Number of protein chains: 2
Amino acid sequence: MSGFELDRRMMLGAGALGAAALGLAGCKQEPATLAPGVSKADFAGAIKAMRSVVGDEWCFGDADSVKPWSKTYIPDPNKVHTPVGAVAPATVEEVQEIVRIANKFKQPIWTISTGKNMGYGMAAPATPGQIVLDMKRMNRILEVDADLGTALLEPGVTYQQLKDYLDENNIPLWIDVPTVGPIASPVGNTLDRGVGYTPYGEHFTFQCGMEVVLPNGEIMRTGMGSIEGSTAWQAFKWGYGPYVDGLFTQSNFGVVTKMGMWLMPKPPVYKPFMVRHNNMDDVPAIIDAMRPLRVASLIPNVNLMMSASYQLAMFKRRNEIVPDDRPLDDDSVKKAAKANGLGMWNTYFALYGTEQTVAAIEPIIRGALTPSGGEVMTEAEMGDNPWFHHHKTLMEGGLNLDEIGLLRWRGAGGGLAWFAPVAAAKGKEAQAQTSLARSILDKHGFDYTAAYAIGWRDLHHIIALLFDKSDPAQEKKADACYRELVTEFGKKGWASYRTGVNSMGLVAEQYGKVNRDFNALLKNAIDPNHILSPGKSGIL
Amino acid sequence: MSGFELDRRMMLGAGALGAAALGLAGCKQEPATLAPGVSKADFAGAIKAMRSVVGDEWCFGDADSVKPWSKTYIPDPNKVHTPVGAVAPATVEEVQEIVRIANKFKQPIWTISTGKNMGYGMAAPATPGQIVLDMKRMNRILEVDADLGTALLEPGVTYQQLKDYLDENNIPLWIDVPTVGPIASPVGNTLDRGVGYTPYGEHFTFQCGMEVVLPNGEIMRTGMGSIEGSTAWQAFKWGYGPYVDGLFTQSNFGVVTKMGMWLMPKPPVYKPFMVRHNNMDDVPAIIDAMRPLRVASLIPNVNLMMSASYQLAMFKRRNEIVPDDRPLDDDSVKKAAKANGLGMWNTYFALYGTEQTVAAIEPIIRGALTPSGGEVMTEAEMGDNPWFHHHKTLMEGGLNLDEIGLLRWRGAGGGLAWFAPVAAAKGKEAQAQTSLARSILDKHGFDYTAAYAIGWRDLHHIIALLFDKSDPAQEKKADACYRELVTEFGKKGWASYRTGVNSMGLVAEQYGKVNRDFNALLKNAIDPNHILSPGKSGIL
């Protein structure tokens, strides 16, 4: 248990005690590997110049001090994702200065918001030799417009902070959180095109306006933000001419210093549901029943169809279900699931509206889902079941850290990598994905702990590759397993929508040469010295 | 009437009889002004080479033959928006060849889908010397997935064609049309970030996946489109890495040859409403009452708040309301409006759902709008009122050409330029916009024929500048008036979301130097010979 507790403290600590963590005095140990073409003198010059901008206490360039930015949770058997420094600016002007210094010394900088990208590498860079540009000190909530339902945030703001602000000011707007919401950043999650659980769950869809420090040090505002006196920066997404906000998501073309987003008005009535299906083979029936409800927006939120094993892994240890040396068989899972009020697949969604609208829609939904073999459950039946409670909280924009429990599933734990291939929302395709994933995971000795996020028309198959990172052999196996998953799914036309820093190039290759060349063309034009986050999404 | 009838025939003809119009034999007259740096020999070489690709009957390079692409409707007192040629490919491979030829001869090409961009310049290029790349022959509906509610189209497909396809195949999906939907192109309208009237009215939001011929002649597919074997190209918008689709909207970075889009499932019940307000000064009350209903998605569609004068101009001539030489005063408008069942502002929206959901929402909406001073009307009261019928048709994705009537409002007619500044959806701001617009229009002797499109959180103020294009003096005045509108609104922070080919640079300037420089940087990188649509959105 202590491994998990330590992890948990570190994750919380790096968020809540960020300033203190950053404030550690640096020792003199040299960093291991500098970036290609960066000499020791360049690196030292960059660190010195950055210190003169942010103060000695907010910039480090030695191996000991960068530890808070080095914990990845993902497989990294060759330890290539360790940064060589970290710098934490407090203002946009300081960001501009840091970018100019990086250009001068050709020193790459890896931008993070709060660095809690759990299962994708946290704060760690994709390639060696980078200084982490940590934005956590820029944590102001610049504006919330209660009438329009909009907010303007700096990247260091956490979901918890935004939620607290809304609560304290009695503003009846909801947030939409991803996993580990309390410590994560709305800006960071949106820029990584993360997904949550309410009707505003497609975070990039609800983003509106950005301020970006470009690699040349200039400040650009997108959408209506560059119009002097405009009140529409957070109201109208597209602006005029080419829409460029998308360029700054999952990429390395600029440092986002402010981001606008839309917030959902709190509905008068919120009613969460869970549909329980009892067989692994129910996958196609569930998805084909859910799809028309999602396409027609009768179910308005991004729903999660959770496998029992994923759910059990949140609150249990693997050896409570099967002995360590045995595969996780369906019978054992089913038994444990049943004992905890769960089926083999448990699909969570909600209705939002008034008593009347919810009452009008519920029978339609029951009429569609019951014939799929599901038991449609509500709070009346599920009461305070912890799994139901977990999703009930998330689907109303509530916060919890329950998913961190995944890290202690196996042995001393601490290993988690998300694999997230995309498909159209069709049952047959999902069934084939589940089957392929299980065969690859089985082969490498890992469990199928997975969910499907059912979007408006797409599926994100969210597979948690859980391993014991304290065991080097297992970490190596997990690495091989992950790469095989990416490769074999790619051959079937299923590529990832997002991936960890350990596999960004691998996934990018699946999107083909023309797309890679186009991204490279943009990168060369916008960031000719390649100083911003090289390796992000496979763009060097 | 004959002026209008001629216009109408031309517009319809160019759509329905496109091939015949294109098939006119070219005469030998030389084009007036070639593009900067293009010699007569280059131009002749480009035309000859393009003819060898598409055949003589689909490529022209003389002044007479390009007339079908020269009618702009917008003010163009100095006739700078006349193309020097036109070419109509039938396949993606032909587009690639044309792009290569354009590069070879440095001959700019101006891409249109069907060229029915009414009030924004139709098919005409922003700068002199361009050959129109007319995509109307590429008009295949490549796929409609009835389960997912998606379509994949070529740019020459019209809304009418898509509607007919759905009807003929009994596919219960709706389209969402802009003004002059029957002859316009879903691809062209979406790429110009046009807006319609149903819950799928923000067309770019419902776009999913593109195929683009890049200026280097390569074919790029966006989103999931580059993954071999993917079934998610039209299901999942974002793909992996930087999201680039936005780069190809309102811009000149590529030629879109295929576009995916989402279609709304036909709801069991559709109920259109009109709220009648009787005073010009009701603007802020209406918008402040509508905003919370829109933000909370209780009203799900893009609604139009139409001024009486705009509505009258669709079906009446100005001299039926006031004599030609008199200003259009509010009393006369009010009288004419009343006689036709209209108020001074008439706001159209609809509910979509089941009998039960519509019945549950209607009282909430009535409870919010009636206190704003509005009379909430439905089909029961408005019956076959032609204006109600018009919006009822549009809000269920129906097609009509009623708005072409605007072209005959004044004198021999034929002059229309949309001015479309953006604001946040707040009453006070709209009131100030209406007041400023009226004072500028009055000064130049034009009428305030306007509407507000109330988006999710924004307002598009849609002002129809209607003038008699057969009168050169009036065209000149309209030009001056339009420029003053853009300039004076800009000073207040209200810039346009979209503009005609006559004012693209003027509007781009309002978005500031950093943004223009960034667009120029992208243009230089992606299209180093500047052969694609120079001048589009002010990007040369």
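Placing a pseudo-label 7 Å from each Cα along the Cα-to-Cβ vector at residue B:384 and residue A:514 gives an inter-label distance of 5.2 nm. Beyond 18 Å in Cα-Cα separation lie the following of the pairs B:443/B:536; B:426/B:492; A:163/A:266; B:491/B:536; B:443/B:476: B:443/B:536; B:491/B:536. This ranking places B:238, B:233 by how few other beta-carbon atoms lie within 10 Å of each, fewest first, which gives B:238, B:233. Summary for residue A:370: label point 7 Å along Cα→Cβ; distances to the equivalent points in the other copies, ascending, 3.7 nm. Pairwise Cα distances in segment B:49-206 exceed 30 Å in 21 percent of cases. The same position residue B:339 in the other copies lies at 8.4 nm from this copy, comparing label points 7 Å beyond Cα toward the beta-carbon, shortest first.
Using equal-weight Cα scatterers in the Debye expression, the normalised intensity of segment A:141-265 in log10 at q = 0.16, 0.20, 0.23 Å⁻¹ is -0.73, -1.14, -1.48.
Once backbone amide H atoms are built at 1.01 Å from N, residue B:540 has B:535 as its partners under 5 Å, excluding neighbours fewer than 5 places away on the same chain.
The modelled label-to-label distance between residue A:332 and residue A:491, using points 7 Å beyond Cα along the C-beta direction, is 2.9 nm. The local environment of residue A:287, defined by Cβ-Cβ distances under 13 Å, has a net charge of -1 under the rule Lys, Arg +1 and Asp, Glu -1. Here, segment B:269-491 has an Rg and a Dmax of 17.3, 57 Å when only alpha carbons are counted. Across all C-alpha atoms in segment B:297-342, the radius of gyration and Dmax reach 13.3, 45 Å. A helix-only calculation puts chain A at -10500 deg cm²/dmol for mean residue ellipticity at 222 nm, using -39500 (n - 2.57) for each DSSP H run of at least four residues, averaged over all residues. Express as a percent, rounded to the nearest 5, the fraction of DSSP beta bridges in chain A (both residues included) that run antiparallel. Of those bridges, close to 90 percent are antiparallel. How are the alpha carbon pair distances in segment A:234-325 distributed across 10 Å bins from zero to the largest one, expressed in percent? With 10 Å bins starting at 0, P(r) equals 10, 24, 24, 28, 13, 2, 0.
Of all chain A C-beta atoms, the nearest to the rotation axis linking A with B is recorded, alongside its rounded Å distance, as A:525, 2.
Taking amide hydrogens as placed 1.01 Å from N in the peptide plane, the amide H of residue A:173 sits under 5 Å from those of A:266, each at least 5 positions away in sequence or on another chain.
When a/c is below 1.5 the answer is rounded, else prolate if a/b is larger than b/c, else oblate, so apply that to segment B:379-485 with a ≥ b ≥ c taken from the square roots of the Cα gyration tensor eigenvalues. It is oblate, given that a/c is not under 1.5 and a/b is not larger than b/c.
With a/c under 1.5 counting as rounded, go ahead and sort segment A:408-456 into rounded, prolate or oblate using the C-alpha gyration tensor (a ≥ b ≥ c being the square roots of the eigenvalues; past the cut-off, prolate if a/b is larger than b/c, else oblate). Oblate shape, in that a/c is at least 1.5 and b/c is the bigger or equal ratio.
Projection of the Cα convex hull of chain A, averaged over all directions and equal to a quarter of that hull's surface, yields 23.8 nm². Each other copy holds its own label point for residue A:324; taking that point as 7 Å from Cα along Cα to Cβ, the gaps run 9.6 nm, nearest first. Under 5 Å from the amide H of residue B:195 lies no amide H of any residue 5 or more positions distant or on a separate chain, with H modelled from the backbone and absent for Pro and chain starts.
By the compact-protein rule of thumb, 2.2 N^0.38 Å, the alpha-carbon radius of gyration of the protein assembly as shown corresponds to a ratio of 0.94.
Could you check the spin-label model distance between residue B:39 and residue B:322? Points 7 Å from the Cα along Cα→Cβ, value in nm. That separation, rounded to one decimal, is 5.8 nm. Here's the list of aspartates and glutamates a cross-link from residue A:477 could span, going by alpha-carbon distance under 17 Å and ignoring same-chain residues fewer than 8 apart: A:76, A:324, A:325, A:442, A:447, A:468, A:488. Along its three principal directions, the equivalent ellipsoid of segment B:454-540 from the Cα gyration tensor extends over semi-axes of 26, 19, 12 Å, largest first. Averaged over the residues of peptide B:247-253, the number of Cβ atoms from other protein chains lying within 10 Å of each residue's Cβ is 4. At full extension, residue A:164 and residue A:439 could sit 94.6 nm farther apart than now, given 0.36 nm per residue minus the alpha carbon distance. For segment A:172-239, taking the reciprocal of the average inverse distance between every pair of different Cα atoms yields a Kirkwood hydrodynamic radius of 13.3 Å.
Throughout, read-outs are computed from the coordinates displayed, never taken from laboratory work. Fair warning: this is a prediction, and the values are worked out from it, not measured in the lab. Positions of Cβ are backbone-derived with ideal geometry, glycine not excepted, and every protein chain shown enters the neighbour counts.
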